[in-house]
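Remarks on the structure that follows.
The values are calculated or read from the model by the stated rules, or taken from the named source; none is laboratory data. This structure is a prediction, so every number in the text was calculated from the model and none was measured. As a convention, Cβ positions derive from the backbone with ideal geometry for all residues, glycine included, and neighbour counts pool all protein chains shown. Note: accessible area is taken over every heavy atom of the protein model, side chains too, but ligands, DNA and RNA are not part of it. Shrake-Rupley method; radii C 1.70, N 1.55, O 1.52, S 1.80 Å.
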Amino acid sequence: MYGAILGDMIGAPYEFDMGGKTKDFPLFERRSQFTDDSVMTIAVAQALLDTLGQNSDLIKATLVRSMQLWGRKYPYAGYGGMFRCWLTENDPQPYNSFGNGSAMRVSSAGWLYDTLDETRHVARLTAEVTHNHPEGIKGAEAAASAIFLARSGKGKKEIRDYITSEFGYDLSRTCDEIRPYYHHVESCQQTVPEAITAFLEGDDFEDVIRTAVSLGGDCDTLTCIAGEIAEAYYGVPDELKKECVRRLPENMAEVLTRFANQAQ
């Protein structure tokens with residue numbers, strides 16, 4: 001989960017195509033701070049930790065409570081309009097979204113379960129409470145599947161082949177081919193494949209992060225997704241973990257630590 005939050009923080013200054021589409025940039029700066037991506041990553045992780053071994057209905061109910069709780073704690077973190085309304089509703093219902101939010105918050109599902117089938121099932125649950133459009137569900141399942149496969153020791157070719165065959169994403173393009181025309185877009189179908197491609201091309205954790213940022217677009221979310229997969233494949237350097245915790249409020253850091261202990 002460090003990878004997701006670091007990706008969010010590092011990508012945040014360059015959201016809305018505000019970067020120079022380069023890998024040469026300071027890894028941290030004044031604006032490198034968590035956004036809604038990290039808040040919801042924490043919310044989903046807490047809900048899944050609290051419902052390990054429980055049934056789907058309880059997991060979804062707990063997800064809703066946790067997401068609303070954390071969203072209301074941090075109401076100005078940068079949520080989209082529909083989700084911001086969802087956070088305040090007394091009886092929140094899914095709204096058929098295919099936004100990339102379902103994929104950016106799913107990282108804990110990739111770590112907490114023993115099989116790929118269970119991982120995909122829980123990833124679907126984390127999406128369905130809001131993003132119940134098929135593309136929203138697919139984005140969450142694809143990201144969680146890539147995490148599970150990476151942490152299970154699968155190689156990049158195996159990960160690429162599985163994601164392509166199971167989810168139909170085009171992973172044949174290089175980042176050099178994507179970069180010139182890529183722009184800010186918030187759909188799963190135009191964020192998840194690009195994030196996975198950045199992971200596939202990166203040489204280590206930091207290089208994945210830099211590659212993802214260099215694509216531009218919805219940079220905090222794209223880099224969050226790429227980072228959550230890169231962590232499972234490469235791990236995260238200790239100095240980056242320390243910097244991540246330093247930039248989080250205490251209550252978020254506590255959930256991150258709890259999750260890290262459980263996912264070992």
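Each 10 Å bin, from zero up to the one with the longest distance, holds this percent of the alpha carbon pairs of the chain: 8, 36, 39, 16, 1. Exposure check, 1.4 Å probe, all protein chains in place: residue 65 carries approximately 140 Å² of accessible surface.
Exposure check, 1.4 Å probe, all protein chains in place: residue 186 carries approximately 90 Å² of accessible surface.
Can you give the local net charge around residue 53? Use residues other than it whose beta-carbon is closer than 12 angstrom to its beta-carbon, Lys and Arg +1, Asp and Glu -1. Walk me through the numbers before you get to the answer.
On the way: positive: none; negative: 50, 114, 118.
Every neighbour counted, the sum reads -3.
Among residues other than residue 3 with Cβ under 9 Å from its Cβ, the summed charge is -2 (Lys and Arg +1, Asp and Glu -1). For region 104-151, the per residue solvent-accessible surface stands at 27 Å², with DNA, RNA and ligands left out and a 1.4 Å probe.
For the pairs 21/156; 60/138; 23/241; 21/73; 73/242; 138/241, note any where the Cα-Cα span goes beyond 26 Å.
Values: 21/156 24 Å; 60/138 17 Å; 23/241 21 Å; 21/73 33 Å; 73/242 23 Å; 138/241 29 Å.
Violating the 26 Å limit, Cα to Cα: 21/73; 138/241.
Annotation for residue 23 and residue 166: the two label points, set 7 Å from Cα along the Cα-Cβ direction, are 2.8 nm apart. Rolled with a 1.4 Å probe across the full set of protein chains, the surface gives residue 183 an accessible area near 90 Å². Legend: Rg and Dmax of region 157-205, from Cα coordinates, 10.9, 29 Å. Accessible-area rank, largest first, for 256, 27: 27, 256, with all protein chains present and a 1.4 angstrom probe. Relative contact order of the chain: 31 percent, from C-alpha pairs under 8 Å at least 6 residues apart in sequence. Our helix-only sum for the chain, with -39,500 (n - 2.57) per DSSP H run of n ≥ 4 divided by its residues, gives a mean residue ellipticity at 222 nm of -19000 deg cm²/dmol. A straight chain from residue 50 to residue 184 at 0.36 nm per residue would run longer than the Cα-Cα distance by 44.8 nm.
The residues of region 195-264 have, on average, 36 Å² of accessible surface per residue, using a 1.4 Å probe with all protein chains present. Per-residue accessible area (protein heavy atoms, 1.4 Å probe) orders 1, 18 as 18, 1, starting from the largest. Its alpha carbons considered, region 74-136 gives a radius of gyration followed by a Dmax of 12.6, 36 Å.
Counting only Cα atoms, the size of region 96-211 along its three principal axes is 35, 32, 25 Å, in decreasing order. At q = 0.09, 0.12 Å⁻¹, what is the log10 ratio I(q)/I(0) for region 149-264, with the Debye formula run over Cα points and no solvent? With one equal scatterer per Cα and no solvent, log10 I(q)/I(0) is -0.26, -0.46. Where in the chain are the DSSP H helices whose alpha-carbon span along the long axis reaches 24 Å or more and whose Kyte-Doolittle mean is at least 0.0? In the chain, the long hydrophobic H runs are 134-151. Treating the Cα atoms of region 28-145 as identical point scatterers in vacuum, please give the log10 of the normalised Debye intensity I(q)/I(0) at q = 0.14, 0.20, 0.21 Å⁻¹, two decimals. Values returned for q = 0.14, 0.20, 0.21 Å⁻¹ are -0.52, -1.05, -1.15.
Considering only protein heavy atoms, with the full assembly of protein chains and a 1.4 angstrom probe, order 220, 114, 161 by accessible area, largest first. Present the calculation step by step, with values, prior to reporting the outcome.
Numbers: 220 0, 114 140, 161 70 Å².
Result, largest first: 114, 161, 220.
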